[in-house]
Amino acid sequence: MGGFNLNDMLKHLEQNIKWSIGIRMDIIDKILTKKKEREEAVGGFAMDSFPEVPKKKKRQVIRSIYPENKNEEIPKRAMIDLDGTIHRYSNGYQDGEIYDDAFDGAKEVINWLKRQGYEIVIFTTRASQKNAEELGGDHNEQIKKVGEWLRDRDIYFDKITAEKLAADFYIDDKAIHIPNGNWEAVLNVIKKRINYKVV
């Protein structure tokens, strides 16, 4: 297995999770502080000196990040790609078949995440209706095949989807990390991947 060290990987993943939760809490604190500042700014005026504004009818908002009930705990979720991430996919697309084995360590890391209380969502274009139509297949059949492949290898999952749901992190072989909004770093990674050469 070469330089693969599961304990180091799990320790690194745990640090990233703690960092991600810290960022989320910082954002919530900033929002609450701004709200409090706005409320205090109005305090110097008599409330009846403001003209009465008719209340607008509230639109229904579907929340994908935070639950409606603010006392409810925010769900922890890990979104994990299938092909090239869990499934080796060494020969690329082969008529929709899931022909390869799983990468070493995938099952162990997913089980570790589950023990930490994360919902495990497998995301794959195989579950996309549009993608299946373009390739002349059936997305429901693909979802069934993915589930069977994962169960056959005793790899835990809660859901299979083609949607990008709100999550604490995304594990994907094609993702490019953007450090602090640094698009130059992103461009450099893209150029390396496509073997870009200045002519």
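Values for this structure:
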{"read-out": "So I31, is it aliphatic (A, V, I, L, M), at pLDDT 95 or above and assigned to a helix (DSSP H, G or I)", "value": "no"}
{"read-out": "Residues within region 54-89 that are in a loop (DSSP other than H, G, I, E, B) and either at pLDDT 95 or above or more than 17 Å from T161 (Cβ to Cβ) (or both), tallied", "value": "24"}
{"read-out": "Residues that are without any contact (Cβ under 8 Å) to a residue 40 or more places away in the chain and basic (K, R), drawn from region 87-131", "value": "R88, R115, K130"}
{"read-out": "Any chance D152 is modelled with pLDDT of 95 or more and of a type in the set (D, E)", "value": "yes"}
{"read-out": "Odd one out for V186 among (1) surrounded by 11 or more Cβ atoms within 10 Å (Cβ to Cβ); (2) within 28 Å of E108 (Cβ to Cβ)", "value": "(2)"}
{"read-out": "Test set (1) without any contact (Cβ under 8 Å) to a residue 40 or more places away in the chain; (2) under 29 Å from N111 (Cβ atoms); (3) of a type outside the set (K, R) - W149 fails condition number", "value": "(1)"}
{"read-out": "Out of G137, G92, G117, G96, sole residue that is under 17 Å from the mean Cα position of the chain (by Cα), of a type outside the set (V, I, T) and in a loop (DSSP other than H, G, I, E, B)", "value": "G117"}
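The values are calculated or read from the model by the stated rules, or taken from the named source; none is laboratory data. Since the model is a prediction, treat every value here as computed from it, not as a measurement. All Cβ positions, even for glycine, are placed from backbone atoms using ideal geometry, and neighbour counts span all protein chains on display.
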